[in-house]
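Engineer: One structure, as structure tokens, below. Some questions next.
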Amino acid sequence: MPADRRLYVGPSLRRLRRDRGLTQADMAADLDVSASYIALLERNHRPLSAEVLLRLAQTYKLDMAALAGSGANDDAARLQAVLKDPMFADIDLPSLESADVTTNFPGITEALLRLYTAYREEQLALADRGVQADAAGRGADASDPVAESRRFLEARRNSFPSLDDAAERLAQQVASHEGFTAYFKARHNLKVRRLPPEVMVGSTRRLDHHRREILLSDELDNASQTFQLALQLAYLELGGDVDAVVSMGGFATESGERLTRRALASYAAAALLMPYTAFARAVEARRYDLEALGRQFGASFEQIAHRLTTLQKPGQERVPFFFIRVDEAGNVSKRLDGAGFPFARHGGGCPLWTVHQAFRTPRQIVTQWLELPDGQRFFSIARTVTAGGGGYGKPRVERAIALGCAAEHAGRLIYTQDQPNGAEAATPIGVTCRLCHRTECTARSAPPIGRQILPDDIRRTSAPFGFSDS
């Protein structure tokens with residue numbers, strides 16, 4: 001190494017140390033220098049001396065030329081390549097400045113390279129999935145009606161005050177007739193009949209205009225039968241209100257519009273069974289006890305959980321919740337977000353979240369504090385629910401649902417009264433493995449976007465993957 005040349009190898013030295021699972025103190029002991037000196041070298045605050053370079057090569061069996069060759073130069077070249085992206089075309093970025101950044105701020109360089117790599121991989125993934133805007137200029141959800149419907153509901157935080165108001169007025173009329181059956185007869189001249197499955201031929205509810213009957217499968221439990229009656233009434237009398245909301249969507253697909261209309265009709269049915277004013281008052285009185293609320297309103301656990309996500313009418317807001325329903329394979333069949341929870345758009349969720357473990361304790365409520373990598377904390381309530389059944393040998397579908405809120409609202413829930421402090425008890429989770437950079441997680445199923453996987457011929461980590469710094 002020439003006497004007038006100063007050698008800065010901060011990124012390379014840090015990568016070397018981490019790849020071998022060493023702390024700064026470990027490396028300092030190996031090289032017979034101080035840990036603070038190693039820290040200065042890694043931050044490029046000190047040049048690497050020829051003596052220490054020789055010790056590195058001898059101790060770790062390295063090629064001196066390879067080490068002295070500079071990870072900094074490699075990083076500078078990579079950064080310059082990144083900065084040639086068209087998105088930066090209007091910014092004056094001299095190559096000397098990028099070289100200064102890599103030399104003097106290796107940590108920032110690493111962060112920028114990692115972020116750009118993640119960005120590019122996500123762009124390629126989106127292209128592979130074929131969800132880029134189509135030739136007509138429509139959005140990314142154009143080919144996915146489920147995503148289109150979810151986007152519509154999430155943009156409005158699953159809160160539709162006009163439907164709540166209309167349903168509350170209709171619920172008062174139904175109550176004056178002492179129930180749905182009497183109301184259907186008086187208002188629509190419809191009789192409610194419950195029939196066995198062989199007569200229903202695969203239907204759970206059917207409106208028979210010719211015979212003036214609403215037919216229900218007698219395999220449905222009481223809560224489901226009542227909900228189906230409320231849903232039929234919503235289609236009969238609140239269809240105009242539902243259509244008015246749907247018309248604001250500008251849907252790209254007919255299926256997306258139909259899915260949204262169905263979701264809004266279910267929303268109106270829930271509002272009939274659990275009128276906003278009475279339900280909002282009850283949730284505060286019972287401190288969001290889902291089982292107690294279910295008994296009070298004659299609704300199922302899932303119906304109560306779903307309704308809790310809708311209580312955001314201006315001036316009468318309650319705790320904002322998110323809701324998700326998954327099967328044992330992790331497939332998401334329903335997702336609603338009123339609490340700002342960053343659900344994974346693609347791929348599975350985090351296996352450390354107890355919604356995926358609720359199947360071990362069927363129909364028991366499992367609570368959990370959650371902490372995301374960015375420090376956000378949430379409180380989650382999970383439990384399994386059953387669909388189908390109703391008779392011996394009838395197929396059943398077991399799913400788990402989770403209802404959650406931000407940590408600052410959790411104290412209003414009865415489920416936290418005997419819980420430890422959320423900051424101390426929170427389980428560190430990620431959105432999904434591909435977006436989670438918790439490198440020590442032993443439950444990881446895939447490497448995160450933007451991280452290079454280390455070979456394991458020198459060192460094997462306890463986590464499924466070892467990662468390089470960039």
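The values are calculated or read from the model by the stated rules, or taken from the named source; none is laboratory data. Nothing here was measured: the structure is a model prediction, and the numbers come from that model. Glycine gets a Cβ as well: all are built from the backbone with ideal geometry, and neighbour counts include every protein chain shown.
Engineer: For the range 44-58, which positions are in a loop (DSSP other than H, G, I, E, B) and not polar (S, T, N, Q)?
Structural biologist: Looking only at the range 44-58, we keep the residues that are in a loop (DSSP other than H, G, I, E, B), and these are 44-49.
Result: H45, R46, P47, L48.
Engineer: Counting only residues that are surrounded by fewer than 19 Cβ atoms within 10 Å (Cβ to Cβ) and in a helix (DSSP H, G or I), how many does the range 250-260 have?
Structural biologist: Residues flagged as surrounded by fewer than 19 Cβ atoms within 10 Å (Cβ to Cβ) and in a helix (DSSP H, G or I) within the range 250-260 amount to 3.
Engineer: Given the structure, is A463 outside any strand (DSSP E or B), within 18 Å of the chain's Cα centre (by Cα) and either loosely packed, with under 14 Cβ neighbours inside 10 Å or hydrophobic (A, V, I, L, M, F, W, C) (or both)?
Structural biologist: On the way: outside any strand (DSSP E or B): yes; within 18 Å of the chain's Cα centre (by Cα): no; either loosely packed, with under 14 Cβ neighbours inside 10 Å or hydrophobic (A, V, I, L, M, F, W, C) (or both): yes.
When the stated conditions are applied, A463 does not pass them.
Engineer: On to the next question. Listed residues R187, R169, R193, R114; which is of a type in the set (K, R) and at pLDDT below 95?
Structural biologist: Numbers: R187 fails: at pLDDT below 95; R169 fails: at pLDDT below 95; R193 fails: at pLDDT below 95.
Step by step, each of R187, R169, R193, R114 is checked, and only R114 is of a type in the set (K, R) and at pLDDT below 95.
Engineer: Condition first: within 26 Å of R460 (Cα to Cα) and either modelled with pLDDT of 75 or more or surrounded by 14 or more Cβ atoms within 10 Å (Cβ to Cβ) (or both). Can you find one or more residues in the range 75-96 that meet it? Please lay out each step first, then the result.
Structural biologist: Quick first cut of the range 75-96, residues within 26 Å of R460 (Cα to Cα) only: 75.
When the remaining residues are screened for being either modelled with pLDDT of 75 or more or surrounded by 14 or more Cβ atoms within 10 Å (Cβ to Cβ) (or both), the result is 75.
Yes, the conditions are met somewhere in the range 75-96.
Engineer: Just to verify a result, which residue in the range 6-43, among those that are assigned to a loop (DSSP other than H, G, I, E, B) and more than 40 Å from the chain's Cα centre (by Cα), is surrounded by the most Cβ atoms within 10 Å (Cβ to Cβ)? So that I can check it myself, show each step before the final result.
Structural biologist: Residues of the range 6-43 assigned to a loop (DSSP other than H, G, I, E, B): 6-9, 20-23, 32-34, 43.
Now restrict to residues that are more than 40 Å from the chain's Cα centre (by Cα): 6-8, 32-34.
On the way: R6: 11, L7: 18, Y8: 21, D32: 9, V33: 16, S34: 13.
Top of the filtered list is Y8.
Engineer: Shifting gears a bit: Condition test on G179, is it out of contact with any helix residue (DSSP H, G or I) (no Cβ under 7 Å at 6 or more places or on another chain) and modelled with pLDDT of 95 or more? Please lay out each step first, then the result.
Structural biologist: On the way: out of contact with any helix residue (DSSP H, G or I) (no Cβ under 7 Å at 6 or more places or on another chain): yes; modelled with pLDDT of 95 or more: no.
Criteria not met by G179.
Engineer: Just to verify a result, which residue in the range 402-418, among those that are in contact with a helix residue (DSSP H, G or I) (Cβ under 7 Å, 6 or more places away or on another chain) and modelled with pLDDT under 95, is farthest from E291 (Cα to Cα)?
Structural biologist: Taking the candidates together, the pick is A407.
Engineer: Select from the range 380-391 the residues that are touching a strand residue (DSSP E or B) at 6+ places or on another chain (Cβ under 6 Å) and either in a strand (DSSP E or B) or hydroxyl-bearing (S, T, Y) (or both) and list them in ascending order. Quick ask: steps written out before the conclusion?
Structural biologist: Initial filter on the range 380-391 (touching a strand residue (DSSP E or B) at 6+ places or on another chain (Cβ under 6 Å)): 380-382, 384-389.
Correct list: S380, I381, A382, T384, V385, T386, A387, G388.
Engineer: If a residue has to be in contact (Cβ under 8 Å) with a residue 40 or more places away in the chain and either part of a loop (DSSP other than H, G, I, E, B) or under 13 Å from the mean Cα position of the chain (by Cα) (or both) to count, how many in the range 365-376 make the cut? Even if it seems obvious, please write down each step before you answer.
Structural biologist: Taking the range 365-376 and keeping what is in contact (Cβ under 8 Å) with a residue 40 or more places away in the chain, we get 365, 367-373.
With the extra rule that they be either part of a loop (DSSP other than H, G, I, E, B) or under 13 Å from the mean Cα position of the chain (by Cα) (or both), the set shrinks to 365, 370-373.
Here the count works out to 5.
Engineer: Could you check R383 against (1) crowded, with 18+ Cβ neighbours inside 10 Å; (2) charged (D, E, K, R); (3) more than 30 Å from L216 (Cβ to Cβ) and say which number it fails?
Structural biologist: (3)
Engineer: Of all residues in the range 139-166 being touching an Asp or Glu at 6+ places or on another chain (Cβ under 6 Å), over 19 Å from T310 (Cα atoms) and hydrophobic (A, V, I, L, M, F, W, C), which is modelled with the lowest pLDDT?
Structural biologist: So the residue we want is A142.
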